[in-house]
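All remarks here apply to the structure that follows.
The values are calculated or read from the model by the stated rules, or taken from the named source; none is laboratory data. These numbers were taken from a predicted model, which means no experiment stands behind them. Positions of Cβ are generated from backbone atoms using ideal geometry, with glycine treated the same way; all protein chains shown enter the neighbour counts. These accessible areas exclude ligands, DNA and RNA; they are computed on the full protein's heavy atoms, side chains included. Shrake-Rupley method; radii C 1.70, N 1.55, O 1.52, S 1.80 Å.
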Amino acid sequence: KKLKVLLNEAHELFPLAKGISVLSECPVGLIGDDINSVAKQASQELDLPVIPCNCEGFRGVSQSLGHHISNDTIRDHIIGTREFKEPIGPYDIALIGEYNIGGDAWSTKPLLEECGFNVKSVWTGDGELEKIAATHQVRLNVIHCYRSMNYMCKVMEEKYGIPWIELNFFGPSKIKASLRKLAELFDDSIKEKVEAVIAKYDSQMQAVIEEYRPRLEGKKVMLYVGGLRPRHNIGAYEDLGVGCVGSRYEVPHSGEHQP
């Protein structure tokens with residue numbers, strides 16, 4: 001009863017919201033409240049997506065099962081429930097596993113669009129519910145942060161036939177290699193645009209390297225950062241002449257500590 005009241009209040013307070021998510025935390029799991037039935041009823045009454053996620057305490061080892069459950073929630077309640085307003089084009093892609101933690105999406109998305117790609121949706125940093133829901137229409141899923149969203153891309157590949165590719169947009173060398181790898185999946189027009197964009201920014205990236213590399217050359221680092229970012233960041237350190245002697249994840253699966 002309380003949840004139903006809260007959902008009505010939330011809808012009144014935020015009338016422009018495209019949907020409401022209900023995330024069950026530990027007390028809800030202990031009490032056994034049925035958030036699914038309430039969310040379903042409220043969705044009909046409010047004429048708004050009300051999405052339940054049964055993920056008490058970020059279940060599993062290192063929260064890993066919690067991520068999986070959240071992905072399943074997107075799969076079951078969101079994907080395929082909307083369509084893009086514009087006709088689908090040959091260069092329509094989705095940027096998957098981009099959480100915009102440090103403003104990453106605000107750099108990566110414009111870069112891809114400058115290369116001629118049309119980034120239709122971003123998962124999930126700076127993302128929009130309606131665009132995430134229509135992702136099943138894109139031509140290609142581009143994974144920026146591996147593993148956390150590989151599962152969802154496989155789901156979309158199996159259900160909607162959308163291919164996917166893993167890329168890395170950290171550090172000049174990895175950015176250039178990723179753009180060229182992506183361009184290989186498209187036509188000569190895209191390949192030419194990618195090379196033009198690389199040439200445009202190459203001198204700027206080289207200027208940064210020349211400023212910092214003399215002070216960092218030969219130093220060593222041990223990376224211990226959130227999620228799967230260690231293996232993404234290593235190339236950026238190497239561009240600056242820094243060697244990586246080891247890495248560790250904050251939320252690893254068994255066997256993913258890399259010496």
Practice item. Determine which lysines satisfy two conditions relative to Lys40: a Cα distance under 19 Å, and not lying fewer than 8 residues away in the same chain. Key: Lys1, Lys2, Lys4, Lys18
**Study point:** Mean shadow area of the chain over all directions, Cα convex hull, nm²
**Key:** 16.4 nm²
Review point. Non-local amide H neighbours of Val225 (under 5 Å, H modeled in plane, Pro and chain starts lacking H): which ones?
Key: Arg248, Glu250
Point to revise | Listed residues Glu114, Glu210, Glu157, most fluctuating in the chain (Gaussian network, C-alpha, under 10 Å) | key: Glu210
Review point. Hey, rough spin-label estimate for Lys159 and Leu185, points 7 angstrom out along Cα→Cβ, what's it come to in nanometres?
Key: 1.9 nm
Check your understanding: Using a probe of 1.4 angstrom, how much of the accessible area of the chain is carbon and sulfur, in percent?
Key -> 53 percent
Check your understanding: For the range 208-220, in order, what is each residue's ³J(HN,Hα) by Karplus, 6.51 cos²θ - 1.76 cosθ + 1.60 with θ = phi - 60°, in whole Hz (x at glycine and Pro)?
Key -> 5, 4, 5, 6, 9, 4, x, 8, 10, 3, x, 6, 10
**Study point:** Cα→Cβ-extended label distance, 7 Å offset, between Asn8 and Asn118, nm
**Key:** 4.3 nm
Practice item. Could you calculate the contour length gain from Glu128 to Glu238, that is, 0.36 nm times the residue separation minus the distance between their Cα atoms, to one decimal place in nm? Key: 36.1 nm
Practice item. With springs only between Cα atoms under 10 Å apart, run a GNM on the chain and tell me which of Gly102, Gly243, Gly125 wobbles the most. Key: Gly102
**Study point:** Long-range HN-HN contacts of Val119 with modeled amide H, under 5 Å
**Key:** Ile93
Study note, to complete from the structure: Expressed per residue, the solvent accessible area of the chain in Å² (1.4 Å probe) is about 56 Å²
Practice item. Give the peptides 165-173, 138-146 in descending order of average Cβ contacts within 10 Å, highest first. Key: 138-146, 165-173
